[in-house]
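K.L.:
Just passing along the structure, written as structure tokens.
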Amino acid sequence: MRIALFATCLGDTMFPEAVSATALLLARLGHDVVFPERQTCCGQMHVNTGYQPDALPLVENYVEAFDDSSIDAIVAPSGSCVGSVRHQHGIVASRYGSASLCGRVDTVKAKTYELSEFLVDVLGVTDVGAYFPHRVTYHPTCHSLRMLRVGEKPLQLLRAVREIDLVELPQADSCCGFGGTFAIKNAETSTAMLADKLTDVAATGAEYCSAGDSSCLMHIGGGLTRLRTGTRTIHLAEILASVEPAVAPKGVPA
Amino acid sequence: MTALGMPVVPPRGSGNLRGVKKFPDAARQELSNPQLRRNIGKATHTIRAKRLNVTGELPDWEQLRDAGAAIKADVLNRLPELLIRLEEAVTARGGVVHWAADAAEANAIVTELIRRTGSDEVLKVKSMATQEIGLNEHLEAQGIAAYETDLAELIVQLGHDKPSHILVPAIHRNRAEIREIFLREMPGVDPELDDNPRHLAAAARKFLRHKFMTVPVAVSGANFGIAETGTLAVVESEGNGRMCLTLPQTLITVMGIEKLLPTFRDLEVFLQLLPRSSTGERMNPYTSMWTGVTPGDGPQEFHLVLLDNGRTAALADEIGREALHCIRCSACLNVCPVYERTGGHAYGSTYPGPIGAVLSPQLAGMDQPDDPNSSLPFASSLCGACYDACPVKIDIPSLLVELRHQKVEHARFGPEAAAMKAASLAMSSSRRWTAAQKAAGLGRVLAGKKGKITSLPGPLAGWTDARDMPAPPKRTFRQWWASDEGRAALAEAREEGQQR
Ligand code: SF4
């Protein structure tokens, strides 16, 4: 398959390891991975903060970057950005864009997948051959859970990882309190939500808290380092791209 | 257009639909109250679990939700016609229908009706509509004493407090606090009263029983009004409502105009949806229905006050129309992570929680720049738990996003809008975007050796008050992708793939 990576603005700028892990994983699974350089951002921040018209150029740019019939699928290591492409691009396009844009949005969004749903639903794999000898807990993130309904898919993938010690996160489905600009506009409520999430993470005794969204991980990780808990955050893609050193000396790239 | 050619602008609602502070400020106060956090957290988690249990056991729960949503959509699409049918049906059965445009009109109508009975006391059945219009405060100012008969409502009333939950108004109180309120405020209470819930309930019952026997007029709300038959329905847990609906001589019901159901059969759907969603019970203990007046049985005089108070204005709007589907079950409050931390008072209005964040600005407006209601659509992390819980499938997160859009459209151009415009411009071309990424790399300077940013300037300070921000990495993804190292790693992965 010819797969286009959607790095997302945050992934590209702040969390390149999550995106390169996605690229390496898909290549290792035998696919042709490309990166359309024109891409930038899905526009979710603009829509969610109330700036719908300002999201239009971003929707147009996304379509320009990915509307390419040689591409079979577009994969992003972010549930919320895929949620935005699926649920918000059509609204923005039909309100502020041209009729042709609406048609192209539909074409492109039908090919856009979050990593875990792409692996399980499209490729039909749950064991990607990963090796990760650590105690890990998984936070499902609201948009993956409720906008995309990825359900058990990330956990199915994690359970197949060699040597992993996967521990269930208490109250996993409760929001970590990130919510984009909510974390700034309602910083104190957001922090109260985060505090409870950190308590739950601590209760697992995990070395790593993983998730499918770098944005939520940035929020959770920001709290973990502030409290010096010793628990680190890691994107699902990075775990899935890890391989046993003896088999392949290059693991996750720095 | 009216005959004079003036466009008709439906009036906005008034009454208890707006707080005095913006949500973040009101929330700050509530967040610092550990007792409140504990009480609310405990109560919502208990109801949450109960609800999941009883909705999970129904094989057709999703179909029921669809049916509920469809009936509500139908009601709102032909509201004028159904309201007229309701009026005709109530009148034909001996009731009197009054129409109130806003809170002031509704209060005046109810006051006048109570005066005509000659009583200066009135019994209250728990009702959101009368909370919304501030009826109790109004009656007090008119020298009429209103007694709440719902236990939780009574606790709130005696505590000179405001409800903080749709269904469990005293959710923010525990029994020790309730005992104190009773000892302080309840006339004739036993000074030895302890905080055993049964003893507390018995004390309230004794106090109320006397009122049921002596007060000749009661005011209720309505969960449902059936257009076909003119039947009104109230569902409750304690049976005190039933006393008010049967014992007094005169009954006055205040009902929001959206509470209609077309036919009696529609109740079947909602009497399954409502109790399971709100209290996590298969059926609520008491369902009272009354249709006009019946000679020699129950109240001999019945008045129905149909309340607009911003509902027509909401109806005229695509978002508002969907929000009016709400049956006030409070399931969305009980699953909301924001409500769980702040409680209901932070929302300022009679309607707290996720649906309140939609309804209050819809009913009362949020047009002024400093309107506290304009902060409500932003009081959500958009986690979506409310949408999953709502028995009539109101897509609250999408409605909140739409309201944010409306707010921004009406706001003056400020720093936030400028930043959003700049971001939109930078992100609409990859050339400008990579330039912006270079600038973001400056964040590494802020981070210094620590590799993380522990204090951000200006409006971003809210982030670093409690969280670190990672320093941007040395290389963006696209730089890695274009680098020799990136190319080599990918080639190697590809090779491995071929060997598999
Ligand atoms: S919005 Fe839905 S869940 Fe919330 S109170 Fe209304 S009906 Fe219940």
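K.L.:
Rounded to the nearest Å, what's the spacing between the alpha carbon centres of region A:3-62 and region B:472-500? Just the number, please.
P.N.:
So the two Cα centres are separated by 17 Å.
K.L.:
Of the beta bridges DSSP finds with both residues in chain B, what % are antiparallel, to the nearest 5?
P.N.:
35 percent
K.L.:
Right, next: Over all alpha-carbon pairs in region A:24-167, figure out the percentage whose distance exceeds 27 Å.
P.N.:
For region A:24-167, the share of Cα pairs beyond 27 Å comes to 28 percent.
K.L.:
Using amide H atoms built 1.01 Å from N in the peptide plane, name the residues 5+ places from B:Val254, or on other chains, whose amide H lies under 5 Å from its own.
P.N.:
HN-HN under 5 Å from B:Val254: B:Ser220, B:Gly221, B:Val305.
K.L.:
Take the Cα atoms of chain B, find their three principal axes, and give me the spread along each one in whole Å, biggest first.
P.N.:
93, 66, 51
K.L.:
Among the listed pairs B:Lys22/B:Lys72; A:Lys197/B:Lys22; A:Lys185/B:Lys42; A:Lys153/B:Lys42; B:Lys407/B:Lys474, which are separated by more than 29 Å between their Cα atoms?
P.N.:
B:Lys22/B:Lys72; A:Lys153/B:Lys42; B:Lys407/B:Lys474
K.L.:
Shielding of A:190-199 by partners, i.e. mean partner chain Cβ atoms within 10 Å per residue?
P.N.:
4
K.L.:
Let me test this: with uniform point scatterers at the alpha carbons of region B:427-480, what is the Debye-based log₁₀ I(q)/I(0) at q = 0.17 1/Å?
P.N.:
-0.60
K.L.:
While we're on this one: Let me know the longest stretch in chain A that avoids all trypsin sites (Lys or Arg not before Pro) found in a DSSP loop with at most 16 other C-beta atoms within 10 Å.
P.N.:
The answer is A:39-148.
K.L.:
Taking each pair of distinct Cα atoms in region B:179-227 once, what is the resulting Kirkwood hydrodynamic radius in Å?
P.N.:
Every distinct Cα pair counted, the radius reaches 12.9 Å.
K.L.:
Compute the long axis of helix B:484-499 from its Cα atoms, compare it with the longest principal axis of the Cα atoms of chain B, and write down the angle in degrees, 0 to 90, nearest 10.
P.N.:
The angle comes out near 70 degrees.
K.L.:
What does the net charge come to around B:Ala100 if you take all other residues with beta carbon closer than 15 Å to its beta carbon, with K and R at +1 and D and E at -1?
P.N.:
-4
K.L.:
Counting other beta carbons within 10 Å of each residue's own, what order do A:Ser84, A:Ser69, B:Ser375 fall into, fewest first?
P.N.:
Starting with the residue having the fewest Cβ neighbours, the order is A:Ser69, B:Ser375, A:Ser84.
K.L.:
If you don't mind, there's one more thing I want to ask. Out of A:Cys42, A:Cys216, A:Cys102, any idea which swings most in a Gaussian network model of chain A, alpha carbons joined below 10 Å?
P.N.:
Fluctuation is largest for A:Cys102.
K.L.:
Next up: Springs between alpha-carbon pairs under 10 angstrom, Gaussian network model over chain A: which of A:Gly30, A:Gly79, A:Gly212 fluctuates most?
P.N.:
So, out of A:Gly30, A:Gly79, A:Gly212, the one fluctuating most is A:Gly30.
K.L.:
With both partners inside the protein assembly as shown, how many of the DSSP beta bridges are antiparallel, as a percent to the nearest 5?
P.N.:
Expressed as a percentage, antiparallel bridges in the protein assembly as shown total about 20.
K.L.:
Hey, how much of the P(r) for chain A falls beyond 34 Å, as a percent of Cα pairs?
P.N.:
Tail fraction, whole percent: 15.
K.L.:
Now for a separate question. Report the per residue volume, in Å³, of the convex hull enclosing the C-alpha atoms of the protein assembly as shown.
P.N.:
Value for the protein assembly as shown: 171 Å³ per residue.
K.L.:
Further question: Taking other Cβ within 10 Å of each residue's Cβ, how do A:His46, B:His199 sort, fewest first?
P.N.:
By the 10 Å Cβ count, ascending: B:His199, A:His46.
Only the coordinates and a few stated rules stand behind these numbers; no lab work does. Note that the structure is predicted; figures quoted are calculated from it, not measured. Note that each Cβ is placed from the backbone with ideal geometry, even for glycine, and that neighbours are counted across all protein chains shown.
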